[in-house]
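J.: I'd like to ask some things about the structure below.
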Amino acid sequence: MSYRSSESFAASSALHAKKVYQIAMNEPTRRAPLQVINTGISLNQQISSSTLNNSFKAVDGQFVIKTSGRYFLSTDLNAAPGRSVLPVIHIAVSDVILDMGGKSITLSTTNHMPSAAAVSLADGVNNVTIMNGTINGKGAHANITTGIVTKNNANVMLDNMRIVNCKTTGIDFNGVNSFSVNGVQTVGAITGMAMTNCNIGVVTDSSFDATVGGNNQATGVLADSCSNIEFNDVSISNHNSTSNDAFGLYMLGCSGFVCKKVQSSRHTSGAALCAGVYLNGSTGNSFINCNTSNNTSDSNGTDVFGFYMTNESNGNIFNECEANTNGSSNTKICAGFANDSAHYNVFNKCSASGNTTSDTVYGFFSTGASRGSVLRDCRASGNNTVEASGSAFGIAFEDEIGGAIQNCESSTNTGTETGCGIALLGRCLRTTVEYNKILSNAGTIQYGFWDDSPEATSFLRGNISFGHGKVYEGTELI
């Protein structure tokens, strides 16, 4: 994270105020290749608590930016809402830089009144940068519902921002094209960042952390109907819901995402489902060096997944990804990687280890008549159960059609009842299992390779299996 704290800004605030006119004539250093403002505009206007209008005569916001240029906060803004849906700063024109200069926006009132947003963009406004500040969603008695909210905008940049304790959403992008989020941290919102109908964007060096959802679904990053977005060096953690689902990265109907070095960890659900990365109807995405770990459940009957692909989430590629130490004694079904009615997904050099459950655990699992799942050079190890009737599978295909497991290692997966290295369950057809190492899987009933398919059409070649009981259940070989 490159985020600079408010304390470090405070030390240079006086110097910043003196040089603001000089800074305005120079574009800030930025990673994303976005031209966000007309450099010929050099207006510098200050925003302070005294310039806010929180009366009922204010319509669009307490401070409305109506002229293109550069704006800065000369003081921390302690805003009091005049209307329950009034943003603190509303940007109503294109070509604006809002440089907070290390200052903060906080809603403060003696009444329990919310504000719609700290900063909002008008519909259709383009070329906007918001940078260098903190949004604190909770005053003494009040809540900012959303930190930053946009709608139908283009070329939006957030840089070096900290957004904490917003009641609903840290960042809400709706219909935004060409955006950059760099060095941004959200903490405490039910959804850290929400993107709907967004296209072409970059999220780098950012983190989305610490949500307690209560009765709501808790999600670090939610993407709905979005395309061509890159995540690079992003951390998503600690999103917890006591009576609903919890997700790190949730992608619904998305395509063309490239996720590099995304870590999604320590999410907890008290309801039906918890997943570090959840793909629902999302196609053609790639994940490179991503990690999901320590995702769990705090009540019995919850399913936990590291990576979960479902509902025609097809053609996704996972390279050198890891799903480790997910699940707990409260978990029902746990899998490091799971396909459920998701087709032609490819896993290269991925690892699933140390995942735990009271019922059934899988390192890699494909079910729901998925087709064309391919595992190459993957490793499933040390996936274990903790209850007397539990089963552990390193790699399992159930009702899979045309899948392949190649050059993988499945070892030391231990079930209190059944332990198995590689299993073909249900009605698996045309499955290739070749050049795999299957080592020391254990259970009361234990197998190296178990073909339970009544109509097996498997192709086996060059596999090595030892250190367990039955090697091939289909013909009762020992």
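J.: Given axes a ≥ b ≥ c from the Cα gyration tensor, I'd like to know whether the range 206-256 is rounded (a/c under 1.5), prolate (a/b larger than b/c) or oblate. All intermediate terms of the calculation are to be shown ahead of the outcome.
T.: Details: a/c = 3.96, a/b = 1.54, b/c = 2.58.
Oblate is the answer for the range 206-256, as a/c is 1.5 or above yet b/c matches or exceeds a/b.
J.: Still on this structure: Which percent of the accessible heavy-atom area of the range 291-434 goes to carbon and sulfur, probe 1.4 angstrom?
T.: 41
J.: Here is a further query. Let me make sure I get this right: for the range 119-270, a, b and c are the square roots of the gyration tensor eigenvalues over alpha carbons, sorted descending. Under 1.5 in a/c it's rounded, otherwise prolate if a/b > b/c, else oblate. Which is it?
T.: Oblate, because a/c is 1.5 or more while a/b does not exceed b/c.
J.: At a 1.4 Å probe, what is the % contribution of carbon and sulfur to the accessible area of the range 149-248?
T.: Answer for the range 149-248: carbon and sulfur cover 39 percent of the accessible area.
J.: While we're looking at this one, here's another question. Need the list of aspartates and glutamates near residue 167 for cross-linking: C-alpha distance under 17 angstrom, and skip anything on the same chain fewer than eight residues off.
T.: Filter leaves 209.
J.: With only alpha-carbon atoms counted, please give the Rg and Dmax of the range 288-397, in Å.
T.: When restricted to Cα atoms, the range 288-397 yields Rg and Dmax of 12.7, 38 Å.
J.: Next up: Ignoring ligands, DNA and RNA, what accessible area per residue does the range 156-287 give at 1.4 Å, in Å²? Please list the in-between numbers first.
T.: On the way: 3490 Å² over 132 residues.
That works out to 26 Å² for each residue.
J.: Could you sort out which of 66/103; 103/138; 261/437; 349/437; 57/151 sit more than 26 Å apart by Cα distance in this structure?
T.: Distance filter (> 26 Å) returns 261/437.
J.: Assuming a ≥ b ≥ c are the square roots of the Cα gyration tensor eigenvalues, decide whether the range 127-190 counts as rounded (a/c under 1.5), prolate (otherwise, with a/b larger than b/c) or oblate.
T.: Here the range 127-190 falls in the prolate category.
J.: Also, I was wondering about something else. Compute the signed sum of charges (Lys and Arg +1, Asp and Glu -1) over the other residues within less than 9 Å, Cβ to Cβ, of residue 332.
T.: Net of charged neighbours comes to -2.
J.: Leaving out ligands and nucleic acids, note down the accessible area per residue over the range 410-462 with a 1.4 angstrom probe, in whole Å².
T.: Averaged over the residues of the range 410-462, the accessible area is 40 Å².
The values are calculated or read from the model by the stated rules, or taken from the named source; none is laboratory data. Everything numeric in this text was worked out from a predicted model, so none of it was measured. Positions of Cβ are backbone-derived with ideal geometry, glycine not excepted, and every protein chain shown enters the neighbour counts. All accessible areas refer to the heavy atoms of the entire protein, side chains included, with ligands and DNA or RNA removed. Shrake-Rupley method; radii C 1.70, N 1.55, O 1.52, S 1.80 Å.
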